[in-house]
1. Might you check whether a residue that is crowded, with 23+ Cβ neighbours inside 10 Å, closer than 24 Å to Ser216 by Cα and of a type in the set (A, V, I, L, M) occurs anywhere in region 442-463?
2. Among helices (runs of 4 or more DSSP H) lying entirely in region 353-469, which contain 2 or more residues that are among the β-branched types (Val, Ile, Thr), out of contact with any strand residue (DSSP E or B) (no Cβ under 8 Å at 6 or more places or on another chain) and modelled with pLDDT of 80 or more?
3. Is region 188-195 home to any residue that is in a helix (DSSP H, G or I) and modelled with pLDDT under 80?
4. Residues in region 48-65: is at least one surrounded by fewer than 21 Cβ atoms within 10 Å (Cβ to Cβ), among the aliphatic types (A, V, I, L, M) and at pLDDT below 70?
5. Regarding Phe282, is this residue outside the structural domain of Val69 (by TED's automatic domain parsing), within 23 Å of the chain's Cα centre (by Cα) and part of a loop (DSSP other than H, G, I, E, B)?
6. Looking at region 153-175, can you tell me whether even one residue there is assigned to a loop (DSSP other than H, G, I, E, B), among the hydrophobic types (A, V, I, L, M, F, W, C), at pLDDT below 80 and within 30 Å of Ala310 (Cα to Cα)?
7. Every residue in region 234-285 that is modelled with pLDDT of 85 or more and β-branched (Val, Ile, Thr), please.
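The values are calculated or read from the model by the stated rules, or taken from the named source; none is laboratory data. Predicted, not measured: the structure shown is a model, and the values here were computed from it. With ideal geometry, Cβ positions are generated from the backbone for all residues, glycine too; neighbour counts draw on all protein chains shown.
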Amino acid sequence: MLTNKVKEQGLPKEILMAAWAIALGAIAPMLDSTMVNIAIDKLNKDFNTTLDTIQWAVTGYVLALAIAVPVSGWLMNKFNGKKIFIGAVIAFGVTSVFAGISWDISSFILFRLLQGFSAGIITPLMSTLLVKTAGPDNLGKVMAIVSTPMIFGPILGPVIGGFIVQAASWHWIFFINVFIVLIAAPLMMKTIPDFEPFNKNSKLDIFGIVDLSLMSAALIYGITKAADHASFNNSETILWVGIGLAFAVSYLVYNRIRKNQTVLPINLFAHKSFLASSIGLFLANIAVMGPMLILPLFFQNFRHFTAIEAALALIPQGVGMLVTRPMIGKMIDKIGAKYVVIVSLILSLIGSIPLIFITDKTSMIWIAIILFIRGTSFGGIMLPLTSDAYTGLDSKQLPEAGVGINIIENLGSSFGSAIIATVVANVVQGLQPTIANGLKGYHAGFLVSAIVLVVIFIPSLFLTHKKNA
């Protein structure tokens, strides 16, 4: 593949250019998923529909993404990874155009589904191709590069989306993706090397793909309903989570019958680092994504910020992530994932525990410092966990590992948002609607996040440590 000898202090130009091109290709879906949320009100009015209906543009996108993830594993096994990735990025750009020119709510939801499916192909390919490009000695540095769209999406997406909606119209939230794709596609064609199919002999696992897709969609939809009802004890959540678990059980039985010759072999979890990373990533998505839901609401409800002002208030967190990103990549390659995660968890707790005590009177300077500290730790948790999931795996196992990690992260992110929203709602239920009582709910949500961070110490003990570093 890329055979240039790695320089001690950096990456060869070929690897660096390919990594940045792959990351650039993933920026559009990362930004899009967060920009749309801020345009919900405008979309609701323009399409003259109900909020429940317009929410399907968001929920449908997430479900389509979840359905596409298992398909991506088979595509990587059978076809040139470069062509599949570029094709998915271009497809995302094309469907963005159609979403922007949608003529009614039905067409809009349809094109959002197609967007989500394209994004579901892009995300696993991004990680897997980067792992293949980097090789084991440079995995940390390259994963630090791929974290860029993950940082820009949640932090800058709402800000950019808010300015676009105010200055132009919601249509441009989708049209802007076209400009990103027009820049990314030629760069990817030029700099990304060809990736031979990982396993040409693999057969299309139709049952496995359909089963995992339906499992992911049912579980995520059920968890989403828990967030809507602010309770897991509702008929919709119980029904859909039950269906999802039934698909999970059927997949386990099917995988056993097929002796792990499936789209996601369960024997991957026999690898200590993959199992530890999977558990850690599920929990980390709860601890990280849960507070990302209620922090903007805190600023809007208790500091009376606009949506854009609330998004701007979160920028110190993004700055913290950017500042530490290059150093974290080097540390992963030098000493392994274990102690990078442990130190980052301690740092994250230092930046998370004060949130349990913030009020409507807390200085914004102090809040900015807290968020910056939290941000510096996020990369040190997520990047090592992601990179260590691939440690020790054969190249033929990379597509399957990518499928597994993305399913776990999608479920963790949805579960995190749902459980934090449920905790906040249940704490304030029945209380007088005062500022003090409202803050109790948010404090409880931040407390849950801190507790989950503590639990992550357990799987982190089983991550890789390079003793001869």
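1. The answer is yes; a qualifying residue exists.
2. Working: elements: 364-388, 398-428, 435-455, 457-460.
Where helices (runs of 4 or more DSSP H) fall fully within region 353-469 and carry at least 2 residues being among the β-branched types (Val, Ile, Thr), out of contact with any strand residue (DSSP E or B) (no Cβ under 8 Å at 6 or more places or on another chain) and modelled with pLDDT of 80 or more, they are 364-388, 398-428, 435-455.
3. Applying the first criterion (in a helix (DSSP H, G or I)) to region 188-195 yields 188-191.
Retained after the next criterion (residues that are modelled with pLDDT under 80): none.
Within region 188-195, not a single residue is in a helix (DSSP H, G or I) and modelled with pLDDT under 80.
4. yes
5. Numbers: outside the structural domain of Val69 (by TED's automatic domain parsing): yes; within 23 Å of the chain's Cα centre (by Cα): yes; part of a loop (DSSP other than H, G, I, E, B): no.
Here the answer is no, as Phe282 does not meet what is asked.
6. First pass over region 153-175, keeping only residues assigned to a loop (DSSP other than H, G, I, E, B): 168-170.
Checking which are among the hydrophobic types (A, V, I, L, M, F, W, C) leaves us with 168, 170.
Filter again for at pLDDT below 80, leaving 168.
Cutting the leftovers down to within 30 Å of Ala310 (Cα to Cα) gives us 168.
Yes: region 153-175 contains one or more residues that are assigned to a loop (DSSP other than H, G, I, E, B), among the hydrophobic types (A, V, I, L, M, F, W, C), at pLDDT below 80 and within 30 Å of Ala310 (Cα to Cα).
7. Thr237, Ile238, Val241, Ile243, Val249, Val253, Ile257, Ile266, Ile279
Yes/no per residue for (1) small (Gly, Ala, Ser); (2) more than 30 Å from Lys361 (Cβ to Cβ):
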site: Leu245; (1), (2): no, yes
site: Ser250; (1), (2): yes, yes
site: Lys259; (1), (2): no, yes
site: Phe282; (1), (2): no, yes
site: Phe299; (1), (2): no, no
site: Phe305; (1), (2): no, no
site: Ala311; (1), (2): yes, no
site: Ile328; (1), (2): no, yes
